[in-house]
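Taking it in order: structure first as structure tokens, then the write-up.
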Amino acid sequence: MSSNEIIKQIEASQMKQEIADFNVGDTVIVYAKIKEGNRERIQAFEGTVLKRQGGSNRETFTVRKNSNGVGVEKTWPLHSPSIEKIEVTRRGKVRRAKLNYLRERVGKRAKVKEAVK
């Protein structure tokens, strides 16, 4: 067995089975586990998905939200054990893969149109 096949097997064992179906532009709530001392709690982070990049078990996604007038971005590995679940609240209608232009925008201009079903 080659080393490449061994790496693929290890990566496959680390991948999650159930992943929420979300894309760039969607508004999601990410429920992340946070350790504080010996306690563990779940914190929700709601925002717009700016990008998804990578593949296999290395895939990451970035979520941006405005908190008290300050833009906050967080990037998580998609298959991270620290993510409890990802919940999609709105589907966004976008025409590009990376929404970096949203960083310069404020207020209503920073909104993404909702996709019509």
Pairs please, first residue from region 33-46 and in contact (Cβ under 8 Å) with a residue 12 or more places away in the chain, second anywhere and hydrophobic (A, V, I, L, M, F, W, C) and part of a strand (DSSP E or B), Cβ atoms under 6 Å, 6+ apart in sequence or on different chains. Lys33/Ile42; Gln43/Ala32; Gln43/Ile34; Ala44/Ile29; Phe45/Val30; Glu46/Ile29
Restricting attention to region 5-39, and to residues there that are closer than 16 Å to Ser80 by Cα and in contact with a Lys or Arg (Cβ under 6 Å, 6 or more places away or on another chain), which single residue is surrounded by the most Cβ atoms within 10 Å (Cβ to Cβ)? Tyr31
Could you say whether any residue in region 84-105 is hydroxyl-bearing (Ser, Thr, Tyr) and surrounded by 13 or more Cβ atoms within 10 Å (Cβ to Cβ)? no
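Quick one: which residue in Val70, Val49, Val63 is exposed (fewer than 13 other Cβ atoms within 10 Å of the Cβ) and without any contact (Cβ under 8 Å) to a residue 60 or more places away in the chain? Explain how you work it out, then say what you get.
On the way: Val49 fails: exposed (fewer than 13 other Cβ atoms within 10 Å of the Cβ); Val63 fails: exposed (fewer than 13 other Cβ atoms within 10 Å of the Cβ).
The unique qualifying residue is Val70.
Here, each number is a calculation from the coordinates, and none is a lab measurement. Everything numeric here is computed off the predicted structure, so don't read it as measured data. For neighbour counting, all protein chains shown are included, and Cβ atoms are generated from backbone atoms with ideal geometry for every residue, glycine included.
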